[in-house]
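Asker: My questions will all concern the structure given below.
The values are calculated or read from the model by the stated rules, or taken from the named source; none is laboratory data. Here the structure is a predicted model, which is why all the values come from computation and not from measurement. Here the Cβ is made from the backbone with ideal geometry for all residues, glycine too, and neighbour counts use every protein chain on show.
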Amino acid sequence: MSLSTGHKVPVRHTPSSETTLSPSVSWAWGLIAATLPIAVVAVVVLNAVADVVDVSSTSTPVGVVLYLAVVAPLVASIVIGVRAWRREHERLALKAAVFSAWCVAVGTALVLLA
């Protein structure tokens, strides 16, 4: 058991203990998050077009437009992430860029193999 001596110990807040994200990191990860709903809508539209038209859904102009709509935010995330890493040495932005590049590569492979 210990007794209080009445002395107050000051608590220091260091900048490294606070977690704030730079705008570049927020944009890079936000664009990745925005891609999921776009991709879901693209798959639903492509399935509807494939049901109506007896053509491969990836060869239609609608398929190309939807593919570009899904890939565009990921490419923007790659650009923002790499720039933030080069300018501000933001490791979290670089992770977003690498993840976006992986998503583009896997998604493109799935579209081409479909």
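Asker: In the stretch 79-89, what count of residues is obtained for those that are on the phi < 0 side of the Ramachandran plot and surrounded by fewer than 21 Cβ atoms within 10 Å (Cβ to Cβ)?
Answerer: Residues in the stretch 79-89 being on the phi < 0 side of the Ramachandran plot and surrounded by fewer than 21 Cβ atoms within 10 Å (Cβ to Cβ): 6 in total.
Asker: If you scan the stretch 83-111, which residues turn out to be more than 13 Å from the chain's Cα centre (by Cα) and farther than 19 Å from residue 38 by Cα?
Answerer: Residues of the stretch 83-111 more than 13 Å from the chain's Cα centre (by Cα): 83-91, 105-111.
Within the stretch 83-111, 83, 84, 85, 86, 87, 88, 89, 90, 91 meet the criteria.
Asker: Which of (1) within 24 Å of residue 24 (Cβ to Cβ); (2) out of contact with any Pro (no Cβ under 9 Å at 6 or more places or on another chain); (3) touching a residue at least 12 places away in the same chain (Cβ under 8 Å) is the odd one out, the single condition residue 62 does not satisfy?
Answerer: It is condition (1) that residue 62 fails.
Asker: Also: Would you check which residues across the stretch 72-114 are polar (S, T, N, Q) and free of Cβ contacts under 8 Å to residues at least 60 places away in the same chain and list them?
Answerer: 77, 108, listed by residue number.
Asker: I'd like to verify a number: residues in the stretch 77-114 that are part of a loop (DSSP other than H, G, I, E, B) and of a type in the set (Phe, Trp, Tyr), how many?
Answerer: To start, the set of residues in the stretch 77-114 that are part of a loop (DSSP other than H, G, I, E, B) comprises 89-90, 114.
Now drop any that are not of a type in the set (Phe, Trp, Tyr), which leaves none.
Summing the residues that are part of a loop (DSSP other than H, G, I, E, B) and of a type in the set (Phe, Trp, Tyr) in the stretch 77-114 gives 0.
Asker: Residues that are within 16 Å of residue 94 (Cβ to Cβ) and either under 23 Å from the mean Cα position of the chain (by Cα) or modelled with pLDDT of 85 or more (or both): does the stretch 10-22 have at least one? So that I can check it myself, show each step before the final result.
Answerer: Quick first cut of the stretch 10-22, residues within 16 Å of residue 94 (Cβ to Cβ) only: 21-22.
Add one more test, that the residue is either under 23 Å from the mean Cα position of the chain (by Cα) or modelled with pLDDT of 85 or more (or both), and what stays is 21-22.
Checked the stretch 10-22: at least one residue is within 16 Å of residue 94 (Cβ to Cβ) and either under 23 Å from the mean Cα position of the chain (by Cα) or modelled with pLDDT of 85 or more (or both).
Asker: Does residue 104 satisfy being touching a helix residue (DSSP H, G or I) at 6+ places or on another chain (Cβ under 9 Å), on the phi < 0 side of the Ramachandran plot, modelled with pLDDT under 95 and of a type in the set (A, V, I, L, M, F, W, C)?
Answerer: So residue 104 passes the test.
Asker: Scanning the stretch 20-35 for residues that are hydrophobic (A, V, I, L, M, F, W, C) and not in a loop (DSSP other than H, G, I, E, B), which turns out surrounded by the fewest Cβ atoms within 10 Å (Cβ to Cβ)?
Answerer: Going through the qualifying residues, I end up with 33.
Asker: Here's something else I'd like to know. Check 50, 93 and return the single one that is modelled with pLDDT under 85 and surrounded by 15 or more Cβ atoms within 10 Å (Cβ to Cβ).
Answerer: 50
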